[in-house]
Amino acid sequence: MLISALRPERGVTLIELVVAIVLTGIIVAAVAYFVFPVRQGAELTMRAELTDIADNALQRIARDVRRALPNSVRVDGSGQYLEFLEVRTAGRYRGEGGGASGGIDCGNDDAALGVPGNDLLSFDAVADQCFKTIGKLAVAPVVGDFLVLNNHGPGFDGQNAYATAGTLNRVAISGVNTVEAGRDRIAFAATTFQRDLHDSPGKRFYAVAGPISYGCSGGTMARYQGYAISATQGAPPGGTSSPIAGNVVSCAFDYNPNVSPQIGLLTLRLTLAKARSDGTLERVSLYHAIHVSNIP
């Protein structure tokens, strides 16, 4: 006769339960100690990266704007696009009077003046094509640049370098000679400058390389160049574009041309955002202000 022995079922003892709880707590603490700092470090790195991108973009705009032709900075109605005329070089021209300039004289545009009269920048009835600078230029103009005089900007007829019709204060440079000692000779397309509009009080001239724009569209801030000067501001303006910042949520340009006499104030606001690992957005916003000299 077989006698079967029944084995009693075992449950979880209190000691085992306590051990399991302690081990679970240790694992959770380890995860919190090691994983959360890693995530926070990744978010901090992302924030620093976005800040660096935004700061570099704003600093680049500031450097470019410091080369803007006086009274050429303008912002479109949306506040999304900034434009200005980039100065390659600047100097002073010779006014009436003065002795012989030496070197090769400019062409005999005005027979009544003689030499060195034609080395001066002529106004009113004379269609001038050449003048000599006072002193050497630090940077020489390039053929195709524009000679601009006494620019006061939009709203000033005959003194707005963006104008494409009527009396203009800019003309294309056709030749540059820098071999003379103490001066440079600049030739340009025949034009008649008006003394009451174009004769600068400081006898200053500017050689403008062309227009530059910055704008935001489709999550990118870009720099535009290589397009024609236009009386109206385009958005985007065309030409060649180069992205300078991505992940752009918003940007805003604002310009006051007269915060003080002949000083403008350009303000820039740029916001970038990027998705974190949990799906939320890391957002960075930067503000920058630039004083703009508007002495023509």
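Observations on the structure shown:
- Spatially proximal lysines relative to Lys203 (Cα-Cα < 22 Å; intrachain offsets below 8 disregarded): Lys132, Lys136
- Entry note: segment 166-296 has Rg to Rh equal to 1.10, where both radii use alpha-carbon atoms and Rh is the Kirkwood radius.
- Solvent exposure of segment 164-289 amounts to 46 Å² per residue of accessible area, where only protein heavy atoms count and the probe is 1.4 Å.
- Length added when fully stretched, Ser78-Gln225, from 0.36 nm per residue minus Cα-Cα: 50.9 nm
- Asn177-Asp124 FRET efficiency (beta carbon distance; Förster radius 25 Å; 0.05 resolution): 0.45
- Spin-label pair Thr24-Gln59: with each label point 7 Å from Cα along the Cα-Cβ axis, the two points sit 5.2 nm from one another.
- For segment 153-208, the carbon plus sulfur part of the accessible surface works out to 50%, probe radius 1.4 Å.
- By the Cα gyration tensor, segment 207-272 has an equivalent ellipsoid whose semi-axes, rounded to whole angstrom, run 22, 19, 9 from largest to smallest.
- Counted charge near Lys136, where neighbours are those whose Cβ lies closer than 14 Å (Asp, Glu -1; Lys, Arg +1): +3
- Computed with a 1.4 Å probe over protein heavy atoms only, the accessible area of Arg185 comes to about 40 Å².
- Ordering 172-182, 249-259 by mean Cβ neighbour count within 10 Å, with the highest value first, yields 249-259, 172-182.
- The phi torsions of segment 52-66, fed into the Karplus equation with coefficients 6.51, -1.76 and 1.60 and a -60° offset, translate into couplings of 5, 4, 5, 5, 4, 5, 5, 5, 5, 4, 4, 5, 5, 5, 5 Hz, rounded to whole numbers, with Gly and Pro shown as x.
- At R0 = 25 Å, FRET efficiency that the Cβ-Cβ distance of Ala289 and Asp157 yields, to 0.05: 0.20
The values are calculated or read from the model by the stated rules, or taken from the named source; none is laboratory data. Quick caveat, the model's predicted, so the values are computed rather than measured. When we count neighbours, we look across all protein chains shown, and the Cβ atoms used for this are built from the backbone with ideal geometry, even at glycine. These area figures cover heavy atoms from the full protein model, side chains too; ligands, DNA and RNA do not enter into them. Shrake-Rupley method; radii C 1.70, N 1.55, O 1.52, S 1.80 Å.
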